[in-house]
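> Structure in structure tokens, see below.
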Amino acid sequence: MRVNNLIPNWLKNYRRQNLPADLTAALVSGMLLVPQGLAYALLAGLPPHIGLYASLLPLIAYAIFGSSSAMSVGPAAVLSLMTLSALSSHAAVGSAEYISAAIMLTLLSGLFLFAMGLLKLGTLSNLLSHPVISGFISGAAALIIVGQLPALLGIKADGDTASVKLLHVVQHLPEAHLPTMLFGVVTAVLLIASRIWLPMLLFRLGAPKQIARLGARLMPMFLVLCAIALVHQLGLADKLDIVGDIPAGLPQITVPDFNWNMIYRLMLPALIISLLGFVESLSIAQALATRRGERLNADGELLGLGAANIASAFSGGLPVAGSFSRTAVNAEAGAASPLAGVLSALLMIPILLFFTGVFSELPLTVLAAIIIVAAAGLFDFTGFIHNWRYDRTDGLAMLFTFLGVLLFGVEVGIALGIGLSFATLIWRSSRPHIAVVGRVPGTEHFRNVLRHDVETQKELLFLRIDESLFFSNISAVEDRLLSELKRHPDTRHLVLILSSVSRIDGTALERLQQINKDLRSRNIHLHLAEVKGPVLDRLSRSKLLEHLTGRIFLSSYIAELALQNETKQPPAAEGAA
């Protein structure tokens with residue numbers, strides 16, 4: 001393999017005039033990456049410096065293999081929560097065994113993603129419906145918020161579920177540590193206020209709209225530095241829970257400890273984390289690509305995220321994925337290529353070498369506030385209202401996934417979400433839309449008799465089936481056929497319009513053969529119209545066409561002309577309902 005083949009296309013065709021924009025984006029997104037890296041590592045039950053490690057090599061690995069021009073990869077809130085949920089039953093949170101398990105979980109997730117990319121399995125992004133994903137993320141956001149309330153308020157709260165923990169928080173609220181609560185609540189209020197009003201304020205003061213939005217998004221880093229300065233100046237390090245010593249230096253490249261028993265136990269959580277991380281990241285990248293008029297390669301995203309997680313594992317990090325907030329900041333700052341991510345990673349080097357001590361006096365309550373406000377932005381209230389109004393099935397799937405995560409935890413919630421995705425698909429496909437159609441007067445077009453003024457023939461019954469036929473829906477189709485024949489007792493020719501049928505499986509074929517036989521005994525001819533070529537090819541290899549009591553027509557109009565000549569029945573108008 002030539003070395004030139006290992007150089008990504010964006011780097012081969014890089015334009016020098018894009019360098020200032022990429023450098024600016026790197027500086028801005030890097031300022032957000034530091035507090036989020038610290039916060040999400042703590043959310044995952046890991047030492048905060050591991051979040052900084054996961055913000056270095058993964059960004060470079062993604063830039064080499066990924067396909068998005070400006071997506072920012074690194075620690076993410078939902079993945080950190082899933083990491084904590086997956087590992088807390090295997091080892092004590094924060095222990096050496098726990099850290100080793102987190103590294104192995106990251107490696108397995110990366111290997112799953114990279115292997116799926118090599119196998120061109122980008123279509124796996126369709127495994128979960130968008131309402132189910134939104135329900136899961138919203139439920140995870142609620143868990144994150146409830147889980148961070150004790151750290152925000154400086155109280156102790158136990159509980160295996162969010163409801164129990166929230167009840168404990170309310171019960172122990174009078175015991176809240178005042179300085180801790182003051183730092184945390186003020187930070188949260190300022191973050192929320194900056195999101196709502198700061199862009200407008202900066203814009204009115206003369207700042208360009210893009211700079212105003214960026215200023216609001218960089219508030220977490222500003223508040224982190226302010227909190228550190230206050231703690232240092234007021235000597236509050238002994239009165240608050242703080243981050244503590246962060247080891248200086250770059251992460252060491254090490255091979256994860258291959259404990260086969262641990263690998264076996266982490267296989268399923270790693271697969272779930274990899275799929276959720278991929279789906280979430282792909283949705284971010286697709287939104288960005290649409291806005292920029294770019295094409296996105298789903299298989300390339302699998303490779304990029306896989307490489308990022310593998311790099312994170314070998315550098316002692318945690319699972320990584322695309323971030324909504326950092327990607328938005330990266331794009332708004334003008335990132336023109338993945339070089340912005342590479343430069344952000346390089347900017348982490350001096351921070352890890354020389355400035356980790358700065359963050360040692362950072363109050364944990366401030367990080368809790370950052371996590372809570374970030375998680376609050378993951379709630380999809382608008383999506384739920386839209387899904388409920390448009391399709392109650394999607395709305396219920398989103399609601400039950402949300403409740404499953406909130407009441408029973410991440411594993412049950414995601415299992416419920418996957419189950420609901422498949423159940424919804426099966427439920428819809430097992431109830432195919434079937435319409436009695438007639439010809440629109442003066443045209444060759446056939447439309448639903450319930451929606452249009454059409455002409456029908458007394459002895460002709462045209463049924464359009466708007467779904468492929470297979471084992472789970474053929475019974476519903478047969479029941480509908482019998483029902484319509486009872487409603488049209490004078491039928492002598494039944495025409496099935498198969499323009500929307502892309503496949504007929506073996507079970508459906510057998511039932512069609514039986515339907516054809518039953519209709520023969522009732523002196524009713526079965527005809528097919530508008531059959532797709534691939535479907536006709538498969539039918540030609542069966543005995544259905546050989547024993548078909550009727551004919552196959554190229555179009556419904558041709559079928560009507562041919563059969564009308566046989567019946568000699570004048571048309572009767574059937575009004576719209």
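> Enumerate the calculated ³J(HN,Hα) couplings along the range 118-127 in order (Karplus 6.51 cos²θ - 1.76 cosθ + 1.60, θ = phi - 60°), each rounded to whole Hz, writing x wherever the residue is Gly or Pro.
Those phi angles translate into 5, 8, 6, 9, x, 5, 4, 5, 8, 5 Hz.
> Please find the FRET efficiency linking Leu271 to Leu230, where r is the Cβ-Cβ separation and R0 is fixed at 41 Å, and quote it to the nearest 0.05.
The pair Leu271/Leu230 has a calculated efficiency of 0.40.
> Angle, helix 178-196 long axis vs. longest principal axis of the chain, Cα atoms, 0 to 90°, nearest 10?
50
> To continue, here is another question. Between Trp197 and Leu403, 0.36 nm times their residue separation minus their Cα-Cα distance comes to what?
On the way: separation 206, 0.36 × 206 = 74.16 nm, distance 3.21 nm.
Result for the pair: 71.0 nm of gain on full extension.
> So, one more: How would you rank Thr327, Thr83, going from fewest to most other Cβ atoms within 10 Å of each one's own Cβ? Can you show the working numbers first?
On the way: Thr327 23, Thr83 28.
Sorted ascending by nearby Cβ count, the order is Thr327, Thr83.
> Tell me, Ser312, Ser500 in order of fewest to most beta-carbon neighbours within 10 Å?
Arranged by neighbour count, lowest to highest, Ser312, Ser500 become Ser500, Ser312.
> Stretched out fully, how many nm does the piece from Leu561 to Ile7 gain, at 0.36 nm a residue minus the Cα gap?
193.1 nm
> Test of understanding: what is the full-extension gain from Asp505 to Val255, defined as 0.36 nm times their sequence separation minus their Cα-Cα distance?
85.1 nm
> Another question about this same structure. Karplus couplings for the range 132-138 from phi (6.51 cos²θ - 1.76 cosθ + 1.60, θ = phi - 60°), rounded to Hz, Gly and Pro as x?
Couplings: 5, 4, 5, x, 5, 5, 5 Hz.
> Here is a follow-up. Calculate, for Val189 and Ile385, the FRET efficiency according to 1/(1 + (r/R0)^6) with r their C-beta to C-beta distance and R0 41 Å; round to the nearest 0.05.
0.95
> So how do Tyr98, Tyr14, Tyr62, Tyr390 line up by other beta-carbon neighbours within 10 Å, fewest first?
Tyr390, Tyr14, Tyr98, Tyr62
> So, one more: Counting only residues 5 or more places away or on other chains, whose amide H sits under 5 Å from the amide H of Phe553 once H atoms are built in the peptide plane?
Hits under the 5 Å cutoff: Leu528, Ala529, Glu530.
> Amide H neighbours of Ser72 under 5 Å, counting only residues 5+ apart in sequence or on other chains, H built in-plane at 1.01 Å?
Excluding prolines and chain starts, which carry no amide H, the hits are Ser323, Thr327.
> For a test of the definition: using alpha carbon positions, the gyration tensor, and the 1.5 limit on a/c, classify the range 16-425 as rounded, prolate or oblate.
Judged from the Cα gyration tensor, the range 16-425 comes out rounded (a/c under 1.5).
> For the range 215-370, report the translational diffusion coefficient in µm²/s to the nearest whole number, using Stokes-Einstein at 10 °C, 1.306 mPa s, and a Kirkwood Rh over Cα pairs.
Numbers: Rh = 18.4 Å.
Once the numbers are plugged in, D ends up at 86 µm²/s.
> Right, next: Hey, can you grab everything whose amide H is under 5 Å from the amide H of His525? Only 5+ residues off in sequence or another chain; H modelled, so Pro and N-termini drop out.
Hits under the 5 Å cutoff: His493, Leu494.
Quick note: the coordinates plus some simple rules give every number you see, no bench work behind them. All values derive from a computational prediction rather than experimental measurement. As a convention, Cβ positions derive from the backbone with ideal geometry for all residues, glycine included, and neighbour counts pool all protein chains shown.
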